[in-house]
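Here is the structure we will look at.
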Amino acid sequence: MRFHRILILLGFAAFETVCYAKDTPGSGLTEKSFHPLFKIIRSVNRNVLIYEACVTPDNQFCPNPIHIYWIMKNHGDKTEPLTALERRKVYGVSIISKDLNKLTFAIKPIPSRRITVTRIPTADKGALSASILIGGKQARLREVFIQMKSGGLVPSVDYIEMRGNALEETNESVLERINGPS
């Protein structure tokens, strides 16, 4: 069973998805919270990838701490999980470290960049934020845009843009473009 809660924190509305799932046979249902981190948008269609952090009721990161799924904008906004191939080769994550208060991982489109998930100290119920270096500034990651090259049998990347807000008091928008292979 899955439902959505709306949280108001730091003047922004955020969505928290709560999922009840059986962890072990006979243990009953356990509540897990999924906190939105960022999205990936691609130039090839309107479908969007959503990356969320999974947290247990005692505020620990789940064994599989990053939940990724599609919002199929081309098909009435229905959601779909990544395929095994998409997860393994294209849009999945590599967990680098995980402890009580911090999770560090990389995403397949930009494996050299580390994304760090931390708790927002002033937020209720320990809301989470994903930060990464964007344009030389530590920033809260909002979205990644992937511009695909047209032509050819196998899709390739023209460039990737990381978009976010600086963690400084200015909260200015920051953007960095990473060119794909020539």
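Laboratory data are not the source of any read-out in this text; all were calculated from the coordinates shown. Keep in mind it's a predicted model, so treat the numbers as computed, not measured. Using ideal geometry, Cβ is built from the backbone for each residue, glycine included, and neighbour counts are taken over all protein chains shown.
Which pairs break 29 Å Cα to Cα here: LYS39/LYS102; LYS32/LYS137; LYS73/LYS137; LYS78/LYS137; LYS32/LYS102? From the list (LYS39/LYS102; LYS32/LYS137; LYS73/LYS137; LYS78/LYS137; LYS32/LYS102), the Cα-Cα distance tops 29 Å for LYS32/LYS137; LYS73/LYS137; LYS78/LYS137. Subtracting the Cα-Cα distance of THR56 and ILE95 from 0.36 nm times their residue separation leaves 12.3 nm of extension gain.
The gain in end-to-end length when the LYS137 to THR79 segment is fully stretched comes to 17.6 nm, 0.36 nm per residue minus the alpha carbon separation.
Remark: spin-label model distance TYR69-ILE120 equals 2.2 nm, labels positioned 7 Å along the Cα→Cβ axis.
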